[in-house]
Each structure stands twice: as C-alpha cells, then as structure tokens.
Amino acid sequence: MARIGVVGAGYVGLTTAACFARLGHEVVCADVEPAKVAALSRAEVGAHEPGLPELVGEGVRGKRLRFVLGNDEALSGVDFVFVCVPTPTGADGAADLVAVHAVLREARDAVRPGCVVVLKSTVPPGTAERVAGVLGREDVGVVSNPEFLREGHAVDDFLRPQRVVVGAAGPSGEEAARRVVGLYEGTGAPAVITGSTSAELVKYASNCFLAMKLSYVNSLAELCERVGADISDVTEGMSLDDRIGAAFLEPGPGWGGSCFPKDTRALLSAAEDARVDFPLLRATIGTNGHQARRVVDLVRSAVGPLRGARLGLLGLTFKAGTDDLRDSPALAVAALLAEEGARLVGYDPCVGRDCGPVRVLASAEEVARDADGLLVLTEWPEFAELDWPALAGAVRRRVIVDTRTLLPVDKVVEAGFHLVTLGRRA
Ligand code: UGA
C-alpha cells in the first residue's frame, strides 16, 4: 500500500484519487477551491462521471481518501505525488504550464526523500526532463504517466486500462518508473516503460491520431455525399481490415471536448518548436474547423433560408455520456446558425441552462414544437427512442439533420420526416 498525494481534483485528478483508493492505496487529494474540497469531503461529486460518486463515497467512508485545501499535505508525507492540474492552450497554441510549474515550486521543498513526482497532466515532450532539472532533487524521482481516460468512461478506463505508460526522467527515473507501475497492480494492464519524453509523446500522438481518423472520415463522408456512396457501407468495409479497426470511424459534427482541440494544437506547436513540418496535423485541425460550416450548409439545403427559422437542437454536449460543453461542436454549429439569423431552442439530458444563442428547454418534445427543422448534434441514445409520430405532429416542417447517424431511419421516415445524415446523398 502506498501513500499517494494527488494535486488537482478536476476530472483526471479526482478519478486518479478515487481509483487509487479503490486499489487499496491511501490517498490525499488537494485542490485550491474551498467549496469543491468541502463538497468532495462530503462525497458530493459535481461532475457527471458514471461510477465516480460511488467510488469517492467508498474511499471517504473507508478513510482511504481525503480531500484537503492547499497542497501541503498532498506533497509532504507521501510516497508519490500525482500532478493533475490543467494545461490549457496558451496564447501561441502551446500548452500553458503555469499551474504545473506552481505545483513544482511548492514540491521542491516539501516532498520527502525517496518520493516520486508523477506528471499526469498532459505536457509537451521534454517537460518531465526539464522538471527533473528544475526540481534539482537527486533523492526524488520524476516520471511521466499520461492518462488515457475518456469522459463518461473514466472510472472504467482507469481500473481496466488498455495500457499503463510510464516514462522515466532524470537519473533515478527508471527505478521510480517501476514503482509507479507497481501502483497499478490489480488492473491487469500491460505496462510500457519508456523515457519520459516518449511517454509524453504517446499521449499527444494517441489523441492526435484519433482526431486524424475522425477528420479523415468526416472528409470521406463529404465525398460520399457528392459521388453517391454511403459512408456507413464504406467504413464497414474498411473496418473489417483489422489494421484499420472499427473504432473512431463515425462521422459527426466535428471532434471537440477538452482534449482533442487542445492536444492537436499543442503537438503542432511542439513540432513547430522542433522545426518539424507536420502538414497532416495541420490538415486534421483545419478539416475539423470546416465541419461546423459544412453541417450548417446541409441544414440550409434541407430547411431553406435560415433567417427567422426556428431550429430545434437535440444534444449540446461535445459527446454523449458527459455534461461537458467545452469546445462542443454542437455549440460551434449553433453559433453559425445564430449568425445566419436562425432562432435556436435546444434540449440535452445533461444541460439545464441556456447556452449562448440556444434557449434550453426541458424535453425533445418542447424543442420540436413549431420547429422548421430538427438537428441531432450529440449521440444521446435516448434520441433514438423518441416518439416520431408525436414529434411529426408537433413540428412545423418535418426535416431532421442527424449529424450522428443515430436515428432509426425507417421509423423517422415512416413518420413523414425528410431525414438528412452525413455521408449519404440526401
Ligand atoms: C479523449 C481520448 O479518447 C482519451 O483517450 C483521452 O484520455 C482524453 O481525450 C484526454 O486526453 O484526456 P474524450 O475527450 O473524453 O477522450 O473524448 P472522445 O470519446 O475521445 O471523443 C472525442 C470527440 O470525438 C468527441 O467530440 C466525439 O463526439 C468525437 N467522435 C468520437 C466522433 O465524432 N466520432 C467517433 O467515431 C468517435
């Protein structure tokens, strides 16, 4: 059993803390927000993350998980410090490491000899090596241990990961890396021990590869519409080649969330700093930037002029299974529709307040009332189960643009709707 300090109780830090407590370790999780620390100490979890409230409750009740205000306790008196603070996009597209550096300055004098400082925050290649230098403590190990948690599946991804990647920095890094791998005993995941710069790159490279796959499939869908092919048939045919696989081949309104947009920009910036031309990554980002505009073009073709049209948006979060609106493609589409003068109402099972130009209503049925068109923007499974004849009776015009290829085509068409999906000729 190890004593673990986690700095930052965001979705990564909180998941890390609660899951290490579940694995039997003794965990202190620090944050700078008093209200958050107080709520978490009562086992109240603000974020929508399946299984996380239960795990936090279990850890707090079992006294293996504590929440504290300020970092002192999470730095001193522990064997491992996990740095889980945000690394947002800075002015030049590079990751902003201000929060990481602030923690390290505190850690320099606080951590015990033999402690291992673990960077879990997503940081540019070379950061852990630099940190080891700045920390200047030969008696403290520094490693990079990137997270691969998907929002909405974070607990499962942590407790049953497909891989644990630990990168060693500095002279005592290798031994420290082996100790960090030991913390994940019980998850059964294969471990990869690398240098810290490689580990840092694994994280960016994975997210950027997935983003690239999605931009590729979104362009392919556009081509399918023009030449009269069907993207579902094309991707099904592709996916049977196990070198390609079936995952991340669903076209959509664009990729978003708190990770892909930030990480693609950060890797491009790291490549530029290293004077490496990476046109594929530039095109991945550029293609996604064009996707919201493309959705609006499809809506205009299906609905007609948008000025004054009442449009009902189904789904606002960046994907299903989360309440996260950060960099949501649904909101990018909404902003463009509003620019063209559309009046927007929306429903999302996890959003209860108005979002920019979207007036949020309490149900899909309310959104449908008198609508000139409906748009599915997030793939919430419940949208596939809606009462289509009832909705057909409520709308002013029976037009649906389903950007997630989610709806049951037969039922929707039978109810009299004109259904437009990405990657099929309308
Ligand atoms: C992503 C990665 O999947 C995680 O492995 C990683 O740990 C995490 O970022 C992170 O860096 O912390 P997440 O941001 O939760 O996780 O979202 P994803 O499930 O990967 O979805 C990203 C975007 O791609 C969403 O907007 C989603 O709707 C879109 N998407 C995904 C599609 O449009 N089509 C697909 O087939 C799959």
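The values are calculated or read from the model by the stated rules, or taken from the named source; none is laboratory data. A quick note: this is a predicted structure, and the numbers were derived from the prediction, not measured. Note that each Cβ is placed from the backbone with ideal geometry, even for glycine, and that neighbours are counted across all protein chains shown.
Out of the residues in region 51-69 that are closer than 18 Å to Leu159 by Cα and of a type in the set (Gly, Ala, Ser), which is nearest to the chain's Cα centre (by Cα)?
Applying the filter and picking the extreme gives Gly51.
In region 402-426, which residue that is more than 14 Å from Pro389 (Cα to Cα) and among the basic types (Lys, Arg) is surrounded by the most Cβ atoms within 10 Å (Cβ to Cβ)?
Looking at residues that are more than 14 Å from Pro389 (Cα to Cα) and among the basic types (Lys, Arg), I get Arg404.
Need the failing condition index for Gly254 against (1) within 26 Å of Thr87 (Cβ to Cβ); (2) touching a Ser or Thr at 6+ places or on another chain (Cβ under 9 Å); (3) in a helix (DSSP H, G or I), just the number.
Single failed check for Gly254: (3).
Taking Arg282, is it touching a residue at least 40 places away in the same chain (Cβ under 8 Å), away from the ligand (no atom under 13 Å from the Cβ) and in the same structural domain as Leu422 (by TED's automatic domain parsing)?
Spelling it out, it is not the case that Arg282 is touching a residue at least 40 places away in the same chain (Cβ under 8 Å), away from the ligand (no atom under 13 Å from the Cβ) and in the same structural domain as Leu422 (by TED's automatic domain parsing).
Working only within region 101-120, note down all residues that are surrounded by fewer than 21 Cβ atoms within 10 Å (Cβ to Cβ) and small (Gly, Ala, Ser).
If the condition is that a residue be surrounded by fewer than 21 Cβ atoms within 10 Å (Cβ to Cβ) and small (Gly, Ala, Ser), then Ala102, Ala110, Gly114 are the ones that fit.
Please go through region 296-318 and pick out each residue that is in contact with a strand residue (DSSP E or B) (Cβ under 7 Å, 6 or more places away or on another chain) and in a helix (DSSP H, G or I).
Leu298, Val299, Ala302, Val303
Tell me whether region 168-175 contains one or more residues that are touching a helix residue (DSSP H, G or I) at 6+ places or on another chain (Cβ under 8 Å), surrounded by 18 or more Cβ atoms within 10 Å (Cβ to Cβ) and hydroxyl-bearing (Ser, Thr, Tyr).
So far as region 168-175 goes, no, none of its residues is touching a helix residue (DSSP H, G or I) at 6+ places or on another chain (Cβ under 8 Å), surrounded by 18 or more Cβ atoms within 10 Å (Cβ to Cβ) and hydroxyl-bearing (Ser, Thr, Tyr).
Would you mind finding the one in Gly167, Gly173 that is within 30 Å of Ala271 (Cβ to Cβ), more than 10 Å from the ligand (Cβ to nearest atom), modelled with pLDDT of 95 or more and touching a Gly at 6+ places or on another chain (Cβ under 9 Å)?
Gly167
Looking at region 183-236, which of its residues are surrounded by 17 or more Cβ atoms within 10 Å (Cβ to Cβ), more than 15 Å from the ligand (Cβ to nearest atom) and more than 21 Å from Ser172 (Cα to Cα)?
Scanning region 183-236 gives Cys224, Glu225.
Restricted to region 121-147, and to residues that are within 18 Å of Thr89 (Cβ to Cβ) and hydroxyl-bearing (Ser, Thr, Tyr), which residue is surrounded by the most Cβ atoms within 10 Å (Cβ to Cβ)?
Residue satisfying both the conditions and the ranking: Ser121.
Just the residues that are in a helix (DSSP H, G or I) and among the acidic types (Asp, Glu), please, taken from region 204-247.
Glu222, Glu225, Asp233, Glu236 - these are the residues of region 204-247 that are in a helix (DSSP H, G or I) and among the acidic types (Asp, Glu).
I'd like the residue in region 332-372 that is within 20 Å of Ala320 (Cα to Cα) and among the basic types (Lys, Arg) and, out of all such residues, is farthest from the chain's Cα centre (by Cα).
Across region 332-372, the extreme among qualifying residues is Arg359.
What number of residues in region 373-388 are aromatic (Phe, Trp, Tyr) and more than 29 Å from the chain's Cα centre (by Cα)?
So the count comes out to 1.
Taking Gly186 as the residue in question, decide whether it is in contact with a strand residue (DSSP E or B) (Cβ under 9 Å, 6 or more places away or on another chain) and among the small types (Gly, Ala, Ser).
no
Looking only at region 5-27, decide whether some residue is of a type in the set (A, V, I, L, M, F, W, C), more than 19 Å from Val85 (Cβ to Cβ), touching a residue at least 12 places away in the same chain (Cβ under 8 Å) and surrounded by fewer than 16 Cβ atoms within 10 Å (Cβ to Cβ).
No, the conditions are met nowhere in region 5-27.
Can you find a residue that is in a helix (DSSP H, G or I) and within 17 Å of the chain's Cα centre (by Cα) anywhere in region 267-278?
Within region 267-278, one or more residues are in a helix (DSSP H, G or I) and within 17 Å of the chain's Cα centre (by Cα).
Which residue pairs have Cβ atoms closer than 6 Å, lie 6 or more positions apart in sequence or on different chains, and pair a first residue in region 401-426 that is under 19 Å from Val296 (Cα atoms) and at pLDDT below 95 with a second residue that is in a strand (DSSP E or B) and of a type outside the set (D, E, K, R)?
Here the result reads Ala426/Val420, each pair linking region 401-426 to a residue that is in a strand (DSSP E or B) and of a type outside the set (D, E, K, R).
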